[in-house]
Amino acid sequence: MKRLLLPLILFLFVVLEGVALELLPSNLVVGNLLIIPHWVLVFLVFLAIFYDYENTYYAVLYGLIFGLLIDVVYTGVLGVYMFSYAFVIYIIHGLKRMLHGNIYVTLILGFAGVASVDILIEFIYTMVGLTEAPWIDYFTHRLLPTVILNLVFLVILYPIFAKRLTRWGGEHLTKNNAL
Amino acid sequence: MQFFQRKKLFIILIGFIVLVALIGYSLSDRENITGPEQVVNDTVGWAQRIIHAPVNFITDIFTNIDDFRNTYQENQILKEKLSQYKGMIYEVQEIKEENKELRDTLDLTESIRDYTPIQATVISRSPERWVEQITLNKGSKDGIDTNMAVITAEGMVGKILNTSKTTSTVKLLTGFDQYNRISATISRKKGDDINGMIEGFDEESNSLLFKIIEESDQELKEGEQVFSSGKGGVFPAGLQIGEVKEVVSDQYGLTRTALVKPAADMYEINQVIVVDRNLAKDESNESEEEDE
């Protein structure tokens, strides 16, 4: 039963992303800045750092599933979020071996994760022709505010989940390391 | 160890191929989304409906506070307008009756203006801002079909992109491109109507691009109202789209494009009406759609 908790939390974030723009103050939304909530990704970064062991890849698996979910529900272009989330989480999973799991490392990895995911998504959308925004505009209007707001979200989540996920990881994963 | 390295490379390669295949598939010209996608949309829609209620409650409180501040001013303006409207209601009634009588004598029972409204509530908005989409709480079960127009009290906001049983996705006007055109018109006296197509949205000036196809002698003026013409065979006629802000010519000076400010607010949409055109969509309309 406890294993269902993580997918449920991730599902909740997917749903919340849909109303995120209503929650943000409207002068931020109407203006030129494009703020994209990558809350699912932020939580996946937590999973990769605190929950997974070196030889388990639950965060990557969840990245595939919930990335696809975002694609289906919110964009209609399948595969973009799925691939970007899974790929970036896989790299973060590899990087955490070298670094110790504390707030600074989480911030750095979260920053790198959100930035690279957003750039990757922008790159794919440009290739496909979904957006034609010049890269300069993209960096100032979309990437910067997106990264900052998602990092704020990460800092809020840290005290709630960091310890808990390590404990859950210990409870769930010791019995079978199948994945 | 070498085996594992190769395995990793292999997985990433397969992932990449899957990605390209999926994107190619979803961008292909498909009528509606597949069954599994509909099931996912229904499930997520169900959860969104639950989440949306408390979120809406909280945001409503804040907008209410804002509203209170402007209430007095607004009241004055509205009172003035109301007195004007009273006269107009009488006039409209007369014209409607006359129109009906004339139609009856001509045996015209169906018009491209007629439509059945379906009320719906917005339950979420796509967080990916390049994709201008919102999700409604009504779906194919309630009679919503792809390509129906979606309006608010102020004017048109978009069209239905795809539907599942209990939810449907709306493509907003701000996300329109050359593949999603609306046949539109500016009404003038004596058949001097200016016809054209809404062919996309310009991010810089925040306005719709209205390409004028039939050149008329008269110059366009600022503030003229643009309506859907109903000639595309998809949307009914007479839905307000916006007002002309500026007219520019293209680089060769052959065609003119009017920048049209959308009448509806694209950012604060809560209640919408899905427009089900009454006129049967027969074969002749199908071919018209292709021309569009």
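The values are calculated or read from the model by the stated rules, or taken from the named source; none is laboratory data. Being a predicted model, the structure only gives us computed values, none of them experimental. Here the Cβ positions follow ideal geometry from the backbone for every residue, glycine too, while neighbour counts run over all protein chains shown.
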With the structure loaded, tell me whether B:Gly175 is out of contact with any helix residue (DSSP H, G or I) (no Cβ under 6 Å at 6 or more places or on another chain) and either more than 14 Å from chain A (Cβ to nearest Cβ) or at pLDDT 85 or above (or both) or whether it fails that test.
no
Pairs, first over 17 Å from B:Met156 (Cα atoms) and in a strand (DSSP E or B) in the stretch B:181-194, second hydroxyl-bearing (Ser, Thr, Tyr) and at pLDDT 80 or above, C-beta under 8 Å, six or more apart
B:Ile194/B:Thr185
Across the stretch B:16-35, the tally of residues that are at the interface with chain A (Cβ under 10 Å from one of its Cβ atoms) and modelled with pLDDT of 85 or more stands at 9
Test set (1) modelled with pLDDT of 90 or more; (2) over 28 Å from B:Val170 (Cβ atoms) - A:Val105 fails condition number:
(1)
Return yes when A:Leu6 is more than 9 Å from chain B (Cβ to nearest Cβ), in contact with a Pro (Cβ under 7 Å, 6 or more places away or on another chain) and in contact (Cβ under 8 Å) with a residue 60 or more places away in the chain and no when it is not.
no
Could you pull out the residue among B:Ala149, B:Ala120 that is away from chain A (no Cβ under 14 Å), in contact (Cβ under 8 Å) with a residue 60 or more places away in the chain and closer than 30 Å to A:Trp39 by Cα?
B:Ala120
I'd like to verify a number: residues in the stretch A:112-145 that are surrounded by 14 or more Cβ atoms within 10 Å (Cβ to Cβ), more than 12 Å from chain B (Cβ to nearest Cβ) and either over 22 Å from the mean Cα position of the chain (by Cα) or not in a helix (DSSP H, G or I) (or both), how many?
0
Being surrounded by 13 or more Cβ atoms within 10 Å (Cβ to Cβ) and part of a helix (DSSP H, G or I) narrows it down to one residue among B:Asn70, B:Asn41, B:Asn64, B:Asn75; which is it?
B:Asn41
Selected residue [crowded, with 20+ Cβ neighbours inside 10 Å, away from chain A (no Cβ under 14 Å) and out of contact with any Gly (no Cβ under 7 Å at 6 or more places or on another chain)] from B:Ile186, B:Ile182, B:Ile134, B:Ile160
B:Ile186
Restrict the check to the stretch B:4-15 and report whether at least one residue is polar (S, T, N, Q), at pLDDT below 80 and part of a helix (DSSP H, G or I).
yes
Subset tally (residues that are touching a Lys or Arg at 6+ places or on another chain (Cβ under 8 Å) and of a type in the set (A, V, I, L, M)) for the stretch A:92-137:
3
Give me a count of the residues in the stretch B:222-256 that are over 22 Å from B:Tyr115 (Cβ atoms) and either within 14 Å of chain A (Cβ to nearest Cβ) or crowded, with 20+ Cβ neighbours inside 10 Å (or both).
1
Picking from A:Thr131, A:Thr106, the residue that is of a type in the set (Ser, Thr, Tyr), in contact with a helix residue (DSSP H, G or I) (Cβ under 7 Å, 6 or more places away or on another chain) and without any contact (Cβ under 8 Å) to a residue 12 or more places away in the chain would be A:Thr131
Selection count, the stretch B:238-254, where residues are touching a strand residue (DSSP E or B) at 6+ places or on another chain (Cβ under 6 Å) and part of a loop (DSSP other than H, G, I, E, B)
2
Tell me whether the stretch A:33-42 contains one or more residues that are modelled with pLDDT under 90 and either in a helix (DSSP H, G or I) or more than 9 Å from chain B (Cβ to nearest Cβ) (or both).
yes
